[in-house]
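Asker: I have a structure I would like to understand better, so I am pasting it below and will then ask my questions one at a time.
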Amino acid sequence: MIALALNSGSSSLKFGLFRVQGTEAQPLLQGQLDALSELPGRLTAADAPSPEAVGHRIVHGGPALRTHAVLHAAVLQQIKAAVPLAPLHLPAALEVIGQSMAMFPGLPQVVCVDTAFHNTLREEARVLPIPRFLQAQGFERYGFHGLSCESILHQLARDEPNGLPPGILIAHLGHGASVSAVRNGQSIDTSMGLTPTGGLIMGTRSGDMDPGVLIHLLHQLGGDPTALATMLEQQSGLLGISGLSSDMRRLQLAAATHADARLAVHMFCISVAKQLAAMFTVLDTVDLLVFSGGIGENDSAARQRICAALACLGVKLDADRNAHGQGVISCASSRCAVRVLAAQEEAQIARHTAALLQKAPVSTASL
């Protein structure tokens, strides 16, 4: 199957055209756009084959959409109902779906849900410490970056000589960031919660904070939840701490002379190290720590800072390997192996798209 994977963020769109055979997805064309309207020109210019199906990344499926699914009217309504849980991502994803259906009329379309990977969370991770009646309303830990985690496990299962290690920590570090604990291929705990705003300090998102801060902020903002959401999701994190930028590259460069940029970098790395250390207590054994995402894959200084904070747990990097930034970057004496692996979300979307449609081929013409 020739599958087009569309990975929409809050302000950009990654895409990939893949030939899927079995569990492997061969990339034919990949790129990133600022607008979906550019997509037909890119495909034509590359003289690529026409897609037979389209797969979409959906950050949050909410309480109703728990699995990857062939798109139909009921699924579309479930995504729309989840918009309040991911207001930065889902409106853009819905727009992409609409334009994709207009651009490729009659082609089957699939939605791949980031939260699906974390359906296996242990109860003590999934349940939030709030009144139990709220659970029935869908208030729980969902977890995110699931497609990234799935793509990493796929690469490890394919390439590791002894197969998938039993205990894996995945640090997906980018503009959005999370840590997940994986036991025997299943997610059992993760740092993000009900929404993608929780957990680690991120580019513009606060991550976890004292709930009392939120109560005081809500009063200060005149009880306006929209203003509070804007502050926590778009004005906080690295940007809020530094007052300069949400981009780790810029902050690293400025750190020598800009105290708040230096503080932001330090707080981010400590935030990641603390969460990883906490996940050590969740897994029976940690065999492998994987860094992924834009920062995880490309920022050797951040990896070094994070792992230096984990030295008390026996994590040791090889300086030369870390500088090179590919494959295994740990010392032979490290308690667990440390690797850098690229997130391959678009390839994972293509694999799910082909697998779902081979089971239940449909058209979205009636949507």
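Asker: Suppose we keep only residues that are small (Gly, Ala, Ser), out of contact with any Asp or Glu (no Cβ under 8 Å at 6 or more places or on another chain) and closer than 19 Å to GLU24 by Cα within the stretch 134-172. Which one would you say is surrounded by the fewest Cβ atoms within 10 Å (Cβ to Cβ)?
Answerer: GLY163
Asker: From (1) out of contact with any helix residue (DSSP H, G or I) (no Cβ under 8 Å at 6 or more places or on another chain); (2) closer than 28 Å to LEU71 by Cβ; (3) part of a helix (DSSP H, G or I); (4) of a type outside the set (A, V, I, L, M), pick out the condition that doesn't hold for GLU150.
Answerer: With (1) out of contact with any helix residue (DSSP H, G or I) (no Cβ under 8 Å at 6 or more places or on another chain); (2) closer than 28 Å to LEU71 by Cβ; (3) part of a helix (DSSP H, G or I); (4) of a type outside the set (A, V, I, L, M) applied to GLU150, the lone miss is (1).
Asker: Here's something else I'd like to know. Residues to consider are LEU156, LEU218, LEU194, LEU200; find the one that is among the hydrophobic types (A, V, I, L, M, F, W, C), outside the structural domain of GLN26 (by TED's automatic domain parsing) and over 20 Å from the mean Cα position of the chain (by Cα). Don't jump to the end; show me each part of the working.
Answerer: Working: LEU156 fails: over 20 Å from the mean Cα position of the chain (by Cα); LEU194 fails: over 20 Å from the mean Cα position of the chain (by Cα); LEU200 fails: over 20 Å from the mean Cα position of the chain (by Cα).
Answer to the selection: LEU218.
Asker: ARG303 - would you say it is in contact with a helix residue (DSSP H, G or I) (Cβ under 9 Å, 6 or more places away or on another chain), closer than 28 Å to HIS89 by Cβ and at pLDDT 95 or above?
Answerer: Against the criterion (in contact with a helix residue (DSSP H, G or I) (Cβ under 9 Å, 6 or more places away or on another chain), closer than 28 Å to HIS89 by Cβ and at pLDDT 95 or above), ARG303 qualifies.
Asker: Also, quick follow-up: Restricting the stretch 328-359 to residues that are within 26 Å of ASP114 (Cβ to Cβ) and surrounded by fewer than 13 Cβ atoms within 10 Å (Cβ to Cβ), which is modelled with the lowest pLDDT?
Answerer: Filtering first and then ranking leaves LYS359.
Asker: Return the pairs, sorted by first residue and then second, in which the second residue is part of a helix (DSSP H, G or I) and of a type in the set (S, T, N, Q), the first residue lies in the stretch 227-243 and is crowded, with 18+ Cβ neighbours inside 10 Å, the beta carbons are less than 6 Å apart, and the residues are 6+ apart or on different chains.
Answerer: none
Asker: Still on this model: With the condition kept exactly as written, say whether any residue in the stretch 339-358 is of a type outside the set (Val, Ile, Thr), touching a Phe, Trp or Tyr at 6+ places or on another chain (Cβ under 9 Å) and assigned to a loop (DSSP other than H, G, I, E, B).
Answerer: Initial filter on the stretch 339-358 (of a type outside the set (Val, Ile, Thr)): 339, 341-348, 350-352, 354-358.
Of the ones still in play, those that are also touching a Phe, Trp or Tyr at 6+ places or on another chain (Cβ under 9 Å) are 339, 341, 346-347, 350-351, 354.
Subset that is assigned to a loop (DSSP other than H, G, I, E, B): 341.
Yes.
Asker: Within the stretch 51-69, how many residues turn out to be under 21 Å from the mean Cα position of the chain (by Cα) and in a strand (DSSP E or B)?
Answerer: Looking only at that region, the number is 6.
Asker: Just a yes or no: is a residue in the stretch 100-120 modelled with pLDDT of 95 or more, assigned to a helix (DSSP H, G or I), closer than 24 Å to SER292 by Cα and over 16 Å from the mean Cα position of the chain (by Cα)?
Answerer: yes
Asker: Also, quick follow-up: Being of a type in the set (Lys, Arg) and assigned by TED's automatic domain parsing to the domain that holds LEU276, is that true of even one residue in the stretch 118-139?
Answerer: Taking the stretch 118-139 and keeping what is of a type in the set (Lys, Arg), we get 122, 126, 132.
Okay, now just the ones that are also assigned by TED's automatic domain parsing to the domain that holds LEU276, so none.
Within the stretch 118-139, not a single residue is of a type in the set (Lys, Arg) and assigned by TED's automatic domain parsing to the domain that holds LEU276.
Asker: Does the stretch 162-178 hold any residues that are small (Gly, Ala, Ser) and under 14 Å from the mean Cα position of the chain (by Cα), and which are they?
Answerer: First pass over the stretch 162-178, keeping only residues small (Gly, Ala, Ser): 163, 167, 171, 174, 176-178.
Correct list: ALA171, GLY174, GLY176, ALA177, SER178.
Asker: For the stretch 251-268, state whether one or more residues are at pLDDT 95 or above, of a type in the set (A, V, I, L, M, F, W, C) and within 24 Å of VAL83 (Cβ to Cβ).
Answerer: No.
Asker: Go through the stretch 216-241 residue by residue and tally those that are part of a helix (DSSP H, G or I) and over 11 Å from THR204 (Cβ atoms). Give the steps one after another, and end with the answer.
Answerer: Restricting attention to the stretch 216-241, the residues satisfying the condition of being part of a helix (DSSP H, G or I) are 216-220, 225-234, 237-241.
Among the residues that remain, those that are also over 11 Å from THR204 (Cβ atoms) are: 216-220, 225-229.
The total comes to 10.
Asker: Only residues in the stretch 120-139 that are over 13 Å from GLY193 (Cβ atoms) count as the first member; pair them with residues that are surrounded by 10 or more Cβ atoms within 10 Å (Cβ to Cβ) and among the hydroxyl-bearing types (Ser, Thr, Tyr), Cβ under 6 angstrom, at least 6 apart or cross-chain, and list the lot.
Answerer: Between residues of the stretch 120-139 that are over 13 Å from GLY193 (Cβ atoms) and residues that are surrounded by 10 or more Cβ atoms within 10 Å (Cβ to Cβ) and among the hydroxyl-bearing types (Ser, Thr, Tyr), the close pairs are THR120/SER187.
Asker: Given ALA74, ALA93, which one is within 17 Å of the chain's Cα centre (by Cα) and under 26 Å from GLY143 (Cα atoms)?
Answerer: Details: ALA74 fails: within 17 Å of the chain's Cα centre (by Cα).
Exactly one of ALA74, ALA93 is within 17 Å of the chain's Cα centre (by Cα) and under 26 Å from GLY143 (Cα atoms), namely ALA93.
Here is a yes/no grid of residues against (1) farther than 30 Å from THR204 by Cβ; (2) modelled with pLDDT of 95 or more:
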{"residue": "SER11", "(1), (2)": "no, no"}
{"residue": "THR23", "(1), (2)": "yes, no"}
{"residue": "GLY31", "(1), (2)": "no, no"}
{"residue": "VAL59", "(1), (2)": "no, yes"}
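The values are calculated or read from the model by the stated rules, or taken from the named source; none is laboratory data. Since the structure is predicted, the reported quantities are computational estimates derived from the model, not experimental observations. All Cβ positions, glycine included, derive from the backbone under ideal geometry; neighbour counts span all protein chains shown.
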